[in-house]
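Beneath this line is the structure, given in structure tokens, with notes to follow.
Bear in mind that the values in this text are calculations on the coordinates, not laboratory data. Note that the coordinates shown come from a computational prediction; the quantities given were computed from them, not determined experimentally. As a convention, Cβ positions derive from the backbone with ideal geometry for all residues, glycine included, and neighbour counts pool all protein chains shown.
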Amino acid sequence: MSSLPSQGWERVSEVLGALPPESTQQAVGYPSLFLLVALGALVPVVPTGALVSSAAVVAFHQASPLALLLIFLTASSAALLGDVTLYWLGRRGVRSRNGSRWLERLRGHAAPERLEQAQLKLAEHGVAVLVLSRLIPAGRIPVMLACLLARMPLRTFVRGDLPACLAWAVTYQLIGILGGALFDQAWKGVAVAVALTVLISATPPVWRRLRRPRPDPPGKHA
């Protein structure tokens, strides 16, 4: 989004500003936001945090507390639905001798060292670790997989995942509000919010790569 020309962003801002609040809310689309966030919980490639932050920017410029509340309720409930659905599908794979493609997909998104850390944290802190797992980039899938391998009941998972989804929705909505407060034009706030969410998501993998010990060059110990 940030690669679009500034004229395009200005045009978007003019269109949004010309719409009445009700039409703007329809343009943002609460049902679309719900579907995209739920899909992002099932398929962890959709930038759901950026979606929530961008919607919060638009709502902030409407000066509508109701719109912000609806975004919070939409995002948190969609995240919970997606998480619970993915966990339920994963449980079917754990109980099956042949596994399932959903369980294998979860394994593919969880590095062995991250899974081991998640299992240790789960053993120490129980379902409380679910809250942090949604706030730490790339932390949700390893913790969910650890819960599956520990055969945590679905009801227990839901009890821990509910506050996790609420905290996640609040965090990314606050990022959007911050971006909206910095600029008078909505498109600039959206660009800042998206940049912040991308930076937050990219920082942990880059940090882990920098901390990873480099192999010795060939012939060093010869």
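Assorted remarks:
- Segment residue 64-residue 132, length gained on full extension (0.36 nm per residue, minus Cα span): 21.5 nm
- Distance between the modelled labels on residue 109 and residue 171, one decimal in nanometres: 1.5 nm (7 Å Cα→Cβ projection).
- Nearest-0.05 FRET efficiency for residue 151 and residue 116, computed from C-beta distance (R0 30 Å): 0.95
- For residue 35 and residue 181, a Förster radius of 30 Å and the Cβ-Cβ distance give a FRET efficiency of 0.60, rounded to the nearest 0.05.
- Net lengthening on full extension, residue 92/residue 125 (0.36 nm per residue, minus Cα-Cα): 9.4 nm
- When peptides 122-128, 133-139 are sorted by average Cβ neighbour count within 10 Å, with the highest value leading, the order is 133-139, 122-128.
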